[in-house]
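> Next up is a structure, given as structure tokens.
A short reminder: the numbers here are calculations on the coordinates, not readings from a lab. Everything numeric here is computed off the predicted structure, so don't read it as measured data. Positions of Cβ are generated from backbone atoms using ideal geometry, with glycine treated the same way; all protein chains shown enter the neighbour counts.
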Amino acid sequence: MAININSSQTPASNQAQTGKPIKRSWNRDISFGAPTISLEQRMVFTERLSLLLETGVSLLEALRAMQLQTEEQLLAEIIGSLVDTISEGKSFSVALEKHPEMFSNTYISLVFAAEEGGFLPQVLTQLLRMDEKNSQLRSNIVSALSYPAFLIVFSIAVVVFVLVVIFPKFEVLFASIHDQLPITTIFLMALSAFVRHYWILIIIGLIATGWAAMAWMKSPAGNLMFDQFKMSAPVIKDIYRQIYLSQTLSVLGLSLSNGVPITVALKASQGVVKNLIFVRFLDDIRNHVNEGRGIAIGFVNSPIVPPMVRQMVATGEQTGNLGMVMSRVADFYERELTKRITILSKSIEPIMLIVMGVVVGLIVISLILPIFKLSRAVH
């Protein structure tokens, strides 16, 4: 059901006409400032609200019931704010716009379209499915990379343990043949002494380096360079491009299928993807649309878009089924992304095991060779 929405009436479209970037995060679970609402909490909110509306309860009564039943204080306060705004005679989308910490531009735009068309429960169900797919995608990525991350941490812990606990026990023993020690043993003994004597400075240095790196990545120059790295580095560039395309096409497909104007949908998708290079790509597409050239030309001319996506978007625009086509392509890329990350994690595991074996072997040899030399000297 397509609905012609005047962009001046749409809350999200007001931002689409400005040059200011949308400062909303798709994943709000990681936060170092004020408390925010997680994606899982929003999913629960959407599911309960959709269920209540489908049973015939009015929007205002449904929100009041949810406010009474919600145990999380922050979420209850947000629902209470929604109740107050709607009680003043304002629309649900306007009420949602007051809480960017919970509701994205896509969410608000689709709710606005649903209010105009009278199919709010159906759109809430679709928003829930979209959030579920993003949550599942994130879980797949974390699951695939958790074991390699464990191997890295375990390897570092083993090396630190050997340097701090094992090597000092041989320090006096190896002192008599210091000139005959292998270069690896000398290096590891020196490294062991450095770690034991300056561990406080090492910890402070690591913390300072991590803080400086995070501060640099948050700066405009650092953020841009890191985004360029993600879009151009071997291996990971394909993964990040698939992630961004999957998220973008999912938002665009859902928005267009529910009557959200293409320019508003494109601006909303920019709030989902947190990569300056990809945001510029979406800006170019929005400029093409504003010039009346259509959306497909932006995909066709972009080097970061795979040929299959270019063909599918062009076909969808020609046939008038752009929303459906984009949703199908997004689903395909989600499945392909899961497979790619799983394969990558499986290939990293043996590499990490080989690295661990080499490191452990080097440490063992550095200990055993001097002991052999001592035993020969005794005999």
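> Looking only at 78, 262, 156, which one moves most when the chain is put into a Gaussian network model with springs between Cα atoms under 10 Å?
Highest fluctuation of the listed residues: 156.
> In whole Å, how far is the Cα centre of segment 305-368 from that of segment 151-173?
Going from one Cα centre to the other spans 35 Å.
> Still on this structure: Which of 221, 62, 114 ends up with the largest GNM mean-square fluctuation for the chain, with Cα atoms connected below 10 Å?
221
> Per q in 0.14 1/Å, what log10 I(q)/I(0) does a Debye calculation on the alpha-carbon atoms of the chain return?
With one equal scatterer per Cα and no solvent, log10 I(q)/I(0) is -1.22.
> For segment 107-131 and segment 246-303, compute the distance between their C-alpha centroids and round to whole Å.
19
> Relative contact order for segment 278-379: what percent, with Cα pairs under 8 Å and sequence separation of 6 or more?
On the way: 41 pairs, mean separation 12.4, N = 102.
Relative CO of segment 278-379 lands at 12 percent.
> Same structure again: Sort the following peptides by mean Cβ neighbour count (other Cβ atoms within 10 Å, averaged over residues), highest first: 241-248, 346-353.
On the way: 241-248: 22.2, 346-353: 12.8.
Sorting 241-248, 346-353 by mean packing, highest first, produces 241-248, 346-353.
> Turning to a different aspect of this structure: With contacts defined as alpha carbon pairs under 8 Å and 6 or more residues apart, what's the relative contact order of segment 120-379 in percent?
Details: 190 pairs, mean separation 65.7, N = 260.
Worked out over segment 120-379, it gives 25 percent.
> Comparing 63, 163, 82, which has the greatest mean-square fluctuation in the GNM of the chain with Cα pairs linked when under 10 Å apart?
Residue with maximal mean-square fluctuation among 63, 163, 82: 163.
> Okay, moving on. How far, in degrees from 0 to 90, does helix 276-290 lean away from the longest principal axis of the Cα atoms of the chain, to the nearest 10?
20
> Please report how far the C-alpha centroid of segment 50-103 lies from that of segment 212-230, rounded to the nearest whole angstrom.
That distance is 37 Å.
> Something else: Greater than 25 Å separation of Cα atoms is the criterion. Which listed pairs, 98/230; 133/237; 133/339; 98/237, meet it? Please report the intermediate quantities before stating the final value.
Details: 98/230 33 Å; 133/237 21 Å; 133/339 15 Å; 98/237 36 Å.
Checking Cα-Cα distances, 98/230; 98/237 exceed 25 Å.
> Would you mind calculating the relative contact order of segment 35-146 from Cα pairs under 8 angstrom and at least 6 residues apart, reporting the percent as a whole number? List each step's numbers first, then the result.
Values: 85 pairs, mean separation 36.0, N = 112.
Once divided by the residue count of segment 35-146, the mean separation gives 32 percent.
> Compute the signed sum of charges (Lys and Arg +1, Asp and Glu -1) over the other residues within less than 14 Å, Cβ to Cβ, of residue 340. All intermediate terms of the calculation are to be shown ahead of the outcome.
Values: positive: 237, 241, 335, 339, 346; negative: 238, 334, 336.
Neighbour charge sum, excluding residue 340 itself: +2.
> Test of the criteria: in segment 168-221, which chymotrypsin sites (Phe, Trp or Tyr not before Pro) are in a DSSP loop and have at most 12 other Cβ atoms within 10 angstrom of their Cβ? Before the final figure, lay out the partial values.
Values: sites: 170, 174, 187, 194, 198, 199, 211, 216; in loops: 198.
Taking segment 168-221 and a limit of 12 other Cβ atoms within 10 Å, the loop chymotrypsin sites (Phe, Trp or Tyr not before Pro) found are 198.
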